[in-house]
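These notes concern the structure reproduced below.
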Amino acid sequence: MLLQDLKKILKENNFFLSKSLDQHFLYSDSILEREVEYAEINSEDKLLEIGPGIGTLTEKILEKTRNLAVIEIDPKFASILNKNVEEVIIGDALKVEWPECNKIISNVPYSISSPLIFKILEQPIELAVLCLQKEFARRMVAEPGTKNYSRLSVNCAVRADVEFLETVPKGKFFPVPRVDSAFVRLRPKNIVLPRKFADITRAIFQHKNKKLRNSLMDSYHEIGTKEEVASFVKSLGEIAQTKVLNLSPEDIINISKKY
Ligand code: SAM
């Protein structure tokens with residue numbers, strides 16, 4: 001779609017775009033087509049698109065399959081989406097029940113990136129192709145010991161195979177956002193993690209530049225009582241002296257198993 005065509009649709013429908021709902025539309029045909037290719041769509045697939053807006057990406061998905069449901073928070077887009085998509089759910093993707101699907105595709109509203117990723121990682125799906133802020137995407141694939149390594153990186157590494165696919169320049173969106181974006185593909189592993197994994201990861205990454213022992217004690221309330229965590233720290237041995245930033249995802253799984 002050309003920028004002038006996108007502007008025409010907005011004008012004809014009297015759509016005023018909301019900054020707080022991250023309404024920036026990707027309009028480059030070739031980039032949208034590549035995004036859809038990354039989803040490796042076949043005739044058996046059931047797709048879910050989150051945040052379709054006026055349907056620039058939706059249109060490209062529909063060229064591959066009609067087996068598509070969408071969730072869009074802004075009711076003003078309902079009429080335009082209803083023309084082409086069978087299942088249009090108007091609501092907050094973080095709150096409404098998601099229809100059954102095996103693949104998810106989304107140009108993610110930036111302000112819900114983190115909770116949305118955590119929700120996607122829990123779905124029994126084959127893959128998700130997502131357009132996210134570039135820096136956020138870099139954090140998802142960051143390695144231990146690097147400045148971008150975070151709770152998000154650990155969760156992505158243990159719960160999914162994650163690929164950083166390509167950078168999407170901010171100038172390919174209208175209105176132009178502040179930063180560049182990137183496509184990421186997730187293939188959730190659907191594994192069962194130790195019971196305390198989520199709590200321990202959240203606790204220690206609040207102090208990622210501290211030694212494991214200090215980070216556990218500083219955020220013991222996220223995990224258990226002060227006495228329990230103190231005795232756990234004593235049982236840990238050498239690894240308690242390692243900086244959180246240098247712990248691998250496997251280390252964190254082992255630590256959680258031990259708790
Ligand atoms: N898919 C379109 C595209 O590719 O150009 C638009 C993507 S735009 C970055 C984000 C879209 O998500 C907007 O249409 C916005 O209204 C919608 N949105 C924002 N918050 C949402 C939420 N919590 N649940 C569902 N949709 C949301």
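Structure values in brief
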quantity: Radius 11 Å from Cβ of residue 247, net charge of other residues (Lys, Arg +1; Asp, Glu -1); calculated: +1
quantity: Those residues of segment 139-155 whose amide nitrogen sits under 19 Å from the label point placed on residue 206, 7 Å along Cα→Cβ; calculated: 150-155
quantity: Positive-end residue, segment 3-188 charge dipole about Cα centroid, Cβ charges, pick of 108, 21, 94; calculated: 21
quantity: Listed residues 204, 125, 41, most fluctuating in the chain (Gaussian network, C-alpha, under 10 Å); calculated: 41
quantity: Peptides 102-111, 11-20, 142-151 ordered by average Cβ neighbours within 10 Å, highest first; calculated: 102-111, 142-151, 11-20
quantity: For segment 141-250: rounded, prolate or oblate by the Cα gyration tensor [a/c cutoff 1.5]; calculated: prolate
quantity: Sites residue 254 and residue 147 - FRET efficiency at Förster radius 22 Å, r taken between beta-carbons, to 0.05; calculated: 0.35
quantity: Among 235, 223, 38 - extreme Cα towards positive end, dipole of the chain, charges at beta-carbon; calculated: 235
quantity: Simple Cβ-charge dipole of the chain, Lys/Arg +1 and Asp/Glu -1, about Cα centre, in debye nearest 20; calculated: 1120
quantity: Debye, to nearest 20: dipole size of segment 88-128, +1 on Lys, Arg Cβ, -1 on Asp, Glu Cβ; calculated: 120
quantity: Cα pair count fraction exceeding 23 Å, expressed as % - segment 10-118; calculated: 22
quantity: Local electrostatic count, residue 21, Cβ distance below 14 Å [Lys/Arg +1, Asp/Glu -1]; calculated: -2
quantity: Residue 40-residue 221 pseudo-label distance in nm [points 7 Å out on the Cα-to-Cβ vector]; calculated: 4.5
quantity: Cα shape, segment 197-258, gyration tensor, a/c 1.5 rule; calculated: rounded
quantity: Accessible surface of residue 193 - all protein chains present, 1.4 Å probe, nearest 10 Å²; calculated: 40
quantity: Positive-pole candidate from 182, 54, 197, dipole of the chain, charges at beta carbon; calculated: 197
quantity: Sorted largest first, extent of the chain alpha carbons per principal axis (Å); calculated: 66, 36, 28
quantity: Kirkwood estimate for segment 1-73, i.e. one over the average of 1/r between Cα atoms, Å; calculated: 13.2
quantity: Surface per residue (accessible, 1.4 Å probe) for segment 1-83, Å²; calculated: 50
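The values are calculated or read from the model by the stated rules, or taken from the named source; none is laboratory data. Please read these numbers as outputs of a predicted model, since none were measured by experiment. Backbone-built Cβ (ideal geometry, glycine too); neighbour counts: all protein chains shown. The protein model used for the area step is the full one, side chains on, heavy atoms only, and it has no ligands, DNA or RNA in it. Shrake-Rupley method; radii C 1.70, N 1.55, O 1.52, S 1.80 Å.
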